[in-house]
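Report on the following structure.
Rule-based calculations on the coordinates, nothing more; no lab input. Everything numeric in this text was worked out from a predicted model, so none of it was measured.
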Ligand SMILES: [Zn+2]
C-alpha cells in the first residue's frame, strides 16, 4: 500500500470574464475563475500531485506546461489522466480532498464533484471524501482571494 499527498493553490482572477471557475471538473457559476494558464482546476491539480506522490513521476510543471503551452490543452483532466498512466498495476482505493476557501460555497456541489472525480479516476463515489472549510478567514484563501486544495490518495 502507498499513500500520496498533493497540494495546489490558485488566486482568483476577478477581471477575467471569459473563463469559468472549474473545481473537480465541475463548473461553478456566479464565481470568478482562478488564474492560470490552464483551466486552473485546483482540485484536479491537487489530485494529480497526489498521484505523482505515489508514482514519483511529476506531471504538473514540465509535462503539463508542454501539454498546455505547446499543444493548447487547458483541460486539467488531461493532466490527471497523464499522471494515472504511471500508476501501472497500482489501484486507487481511496481519495480524500480538503479545500480551503471563502467562496464559492463548496458543500452544495460536493455530490457533483464526487461523481466527476469518480468518473475520472474510475473508482466508486463512496471512495472519494471531500471536506471544505473557510479556516475562519485566517489565510488569504479564507479571505476570498483564492482557493487551496489538499489531496491524499491511497493505492494498493
Ligand atoms: Zn494548479
| Cα convex hull volume per residue for the stretch 1-74 (Å³) | 91
| note | Per-residue ellipticity at 222 nm attributable to helices in the chain (runs of n ≥ 4 DSSP H, -39500 (n - 2.57) apiece, nearest 500 deg cm²/dmol) works out to -7500 deg cm²/dmol
| query | Taking only the alpha carbons of the chain, what extent do you get along each of the three principal axes, in Å, biggest first? | reply | 43, 36, 25
| By DSSP, what percent of the beta bridges with both residues in the stretch 2-155 are antiparallel, rounded to the nearest 5? | 80
